[in-house]
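The values are calculated or read from the model by the stated rules, or taken from the named source; none is laboratory data. In this text, all values refer to a predicted model and were calculated from it rather than measured experimentally. Here Cβ is always computed from backbone atoms with ideal geometry, including for glycine, and neighbour counts include all displayed protein chains.
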Amino acid sequence: MTEQAFTPPTSEWYQPDPALVAAANVPDYEAVYDRARQDPQAFWAKRAEELQWYQKWDQVLDASNKPFYKWFTGGKTNMALNALDRHVKTWRRNKLAIIWEGEPGDKLSLSYWQLWQEVNKFANVLRGMGVKKGDRVTIYMGRVPEIAIAMLACAKIGAPHSVVYGGFSEQALASRIEDAQSKVLITCDGAWLRGKIVPLKNTVDEAAQRSPVVETVIVVKRTGQDIHMEGGRDYWYHDLMALPIAKPRAETEIMDAEDPLFILYTSGTTGKPKGVLHTHGGYQVYTSTTLSWAFDIKEEDRWWCAADPGWITGHSYIVYAPLILGATSIIYEGAPTYPYPDRWWQLVAEYGVSILYTAPTAIRGLMRFGEAWPQRHDLSSLRLLGSVGEPINPEAWRWYHRVIGREQCPIIDTWWQTETGGFMITPLPSVGLKPGSATRPFPGIEVDIVDDDGAPVGVNEDGNLVIKGPWPSMIRTVYGDDERFLSQYWAKYQKQGWYLAGDTARRDEDGYLWVIGRNDDVLKVSGYRLGTAEVESGLVSHSAVAESAVIGVPDELRGNKIFAYCILVAGAEGSPALEAELKAHVRHEVGPIAVPAQIEFVDNLPKTRSGKIMRRVLKAQALGQPLGDLSTLED
Ligand code: WTA
């Protein structure tokens, strides 16, 4: 059973304005898709030639040990070479790389030259503290420019970063530090959100206690409140950046194309964090190609990806791909509705944003406040709009298109995952659109919708979404756990060698793809990705809870909301007070995004005879639907 109520395919078509298509600097979809299919390796080699390499690759694709594919083997590069070093040698050194606005209204912009210098300084600081190529660095920060600086500095010295979203709490942070074994942690004293301070450093202190592997904590001063600084462990970023060692020039480490660039933890079917590993070479090629074609990035654009750098969307499309393309990327620290529901529209007008990329949940959230708020601002700079993270319901699509896009901006609905690194199913600006469909696969990508045996399903029938061939920014492995990589993504269609996405989808009579939602134990709540197991382990870490099960049920605003069922330990009594306490506990342990909307106290849970919780039964029950096949139920 999937997480999302299905939106039936519609016959509603939106054809792009011919003038926009004529001005777009992107290839014709059909022609380029065909070309890529005929010779994918030649296609990707041509894309890779757009970038700089210290040394060219010997082989585009090494498929000798499937599914551990390798791309551009023998090639030498570094993300920092293409995202920064090459730009400062051209006129782009004077172009704005990052425009940042803090929630309280403070502003900062960095040219490519300035960003390059800051990154070099911090790279020297990290090296000075003993961080070497291959060492993992955990980053746990708010949306400040220093998060991009920290990521790029790690890339520059060849130390894979592991960014943990600032909305995660103690247990989530500690287990990610532990898994990556990072000795160095970069954080902020706090982050501004809705006029309040999120106390990031307190969480770090608690996590570091649970995870003693951390030896050094570097703290960016953002909010300025009093915090604890542990002697011999904690250092202020600004103090380090003022040291003589922080020189504005730094050597870029020459990396193999397949050397790790970062680990990003994401949710899977167990509570243990799953570190998705991406590398320097293929990831650069794929993210820059997809951004350039799907969003037609032009030199004069102001690109605003309103995600958080702590998720894959922020990694690929706030930080890395825009910088590779030499674009200007906007980062806003706070909430869309703070202090008023027009904060985003004010930012669009103020900075002349030409492309806005966000999640359906944000659109639905802003829609609630009505059209008057956006109408108060001049949004005429917008040329394209984008959507990501969950299926966009046609109603939100139409509002976004009409009210924000003045019926003139195509909506680029991009389907992809942490594991895919970049857009997999997406229109190009020249492609006709249907609200709610991400349209067709990106050139070089072949997808299908199949049944459990791998047979393609019929038109408009539900099936498993699979990806049929390798692509340059594909997940290389689960960090430290090749077995899990194989069992999670490749075991189901081992015979065919297909990648299992974990989503249910349909293809309509025009060949358009409709992603319906997850069909595993992964939840999408407000576009955020969470595992049922993460929430469950948060609940059972409370002394009153013996066992728990968590499901997602459709919610108009958030896409899904979390329902939890708890069996209490002997002697504990369910009550509204305990429910409130458990919610607070999950908030503290896992994070605010994991807090269940509702907790029910039960005496037992539906299980299979082998002891697996049947969430499908709980869900059908919660939705008042037929319970389906119960033959495997234990009791
Ligand atoms: C869902 C986010 C429908 C999907 C980039 C996928 C989408 C999961 C879309 C990955 C979309 C993402 N339409 N569903 N345009 N984009 N999804 O790893 O269920 O946080 O498997 O990556 O988000 O979530 P993740």
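Here are the numbers:
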| quantity | calculated |
| --- | --- |
| Criterion (outside any helix (DSSP H, G or I), among the aliphatic types (A, V, I, L, M) and more than 25 Å from P104 (Cβ to Cβ)) met by exactly one of L382, L356 | L382 |
| Only listed residue being surrounded by fewer than 17 Cβ atoms within 10 Å (Cβ to Cβ) and outside any loop (DSSP other than H, G, I, E, B), chosen from A36, A31, A97 | A31 |
| Yes/no for V353 being out of contact with any Cys (no Cβ under 7 Å at 6 or more places or on another chain), buried (at least 21 other Cβ atoms within 10 Å of the Cβ) and either closer than 25 Å to V525 by Cα or modelled with pLDDT of 95 or more (or both) | yes |
| Considering residues of segment 268-293 that are out of contact with any Lys or Arg (no Cβ under 9 Å at 6 or more places or on another chain) and either part of a loop (DSSP other than H, G, I, E, B) or among the basic types (K, R) (or both) only, the residue surrounded by the most Cβ atoms within 10 Å (Cβ to Cβ) | G271 |
| Looking only at segment 494-503, and only at residues there that are more than 9 Å from the ligand (Cβ to nearest atom) and in contact (Cβ under 8 Å) with a residue 24 or more places away in the chain, the one that is nearest to V553 (Cα to Cα) | L500 |
| Single residue of segment 587-604 satisfying the filter (out of contact with any Phe, Trp or Tyr (no Cβ under 8 Å at 6 or more places or on another chain) and of a type outside the set (A, V, I, L, M, F, W, C)) that is nearest to G527 (Cα to Cα) | P592 |
| Out of R518, R507, sole residue that is within 15 Å of the ligand (Cβ to nearest atom), modelled with pLDDT of 95 or more and of a type in the set (D, E, K, R) | R507 |
| Search result, residues across segment 385-406 that are assigned to a loop (DSSP other than H, G, I, E, B) and touching an Asp or Glu at 6+ places or on another chain (Cβ under 9 Å) | E390, P391, I392, N393 |
| Meets criteria (over 28 Å from the mean Cα position of the chain (by Cα) and in contact (Cβ under 8 Å) with a residue 12 or more places away in the chain) for G102 | no |
| Only listed residue being farther than 25 Å from Y286 by Cα, in contact (Cβ under 8 Å) with a residue 40 or more places away in the chain and not in a strand (DSSP E or B), chosen from Y320, Y338 | Y338 |
| Criterion (modelled with pLDDT of 95 or more, surrounded by fewer than 19 Cβ atoms within 10 Å (Cβ to Cβ) and in contact with a helix residue (DSSP H, G or I) (Cβ under 7 Å, 6 or more places away or on another chain)) met by exactly one of A491, A544 | A544 |
| Subset of segment 176-193 [farther than 16 Å from D106 by Cβ and either surrounded by fewer than 18 Cβ atoms within 10 Å (Cβ to Cβ) or over 20 Å from the mean Cα position of the chain (by Cα) (or both)] | E178, Q181, S182, K183, V184, L185 |
| Any hit, segment 464-487, residues being of a type in the set (A, V, I, L, M, F, W, C), more than 22 Å from the chain's Cα centre (by Cα), within 16 Å of the ligand (Cβ to nearest atom) and part of a loop (DSSP other than H, G, I, E, B) | no |
| Residue pairs meeting the criteria (Cβ under 7 Å; at least 6 apart or on separate chains; first under 12 Å from R37 (Cβ atoms), in segment 431-444; second surrounded by 23 or more Cβ atoms within 10 Å (Cβ to Cβ) and small (G, A, S)) | none |
| Test set (1) at pLDDT 95 or above; (2) of a type in the set (A, V, I, L, M); (3) under 29 Å from L530 (Cβ atoms); (4) part of a helix (DSSP H, G or I) - V213 fails condition number | (4) |
| Condition broken by N393, with the remaining ones in (1) more than 18 Å from the chain's Cα centre (by Cα); (2) away from the ligand (no atom under 12 Å from the Cβ) satisfied | (2) |
| Failed item, numbered, when G436 is tested on (1) touching a helix residue (DSSP H, G or I) at 6+ places or on another chain (Cβ under 8 Å); (2) more than 12 Å from the ligand (Cβ to nearest atom) | (2) |
| Total residues in segment 12-29, condition in contact with a Ser or Thr (Cβ under 9 Å, 6 or more places away or on another chain) and of a type in the set (D, E) | 1 |
| Set L500, L557, L578, L530: member being within 26 Å of L277 (Cα to Cα) and surrounded by fewer than 21 Cβ atoms within 10 Å (Cβ to Cβ) | L500 |
| Test: P67 is under 30 Å from R615 (Cβ atoms), surrounded by fewer than 20 Cβ atoms within 10 Å (Cβ to Cβ) and in contact (Cβ under 8 Å) with a residue 24 or more places away in the chain | yes |
| Residues being more than 18 Å from V353 (Cα to Cα) and either surrounded by fewer than 19 Cβ atoms within 10 Å (Cβ to Cβ) or near the ligand (Cβ under 9 Å from one of its atoms) (or both) - total across segment 402-421 | 8 |
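Listed here are the residues, each with its yes/no results for (1) assigned to a helix (DSSP H, G or I); (2) modelled with pLDDT of 95 or more.
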| residue | (1), (2) |
| --- | --- |
| G105 | no, yes |
| Q114 | yes, yes |
| Q117 | yes, yes |
| A123 | yes, yes |
| L126 | yes, yes |
| R143 | no, yes |
| L152 | yes, yes |
| A172 | yes, no |
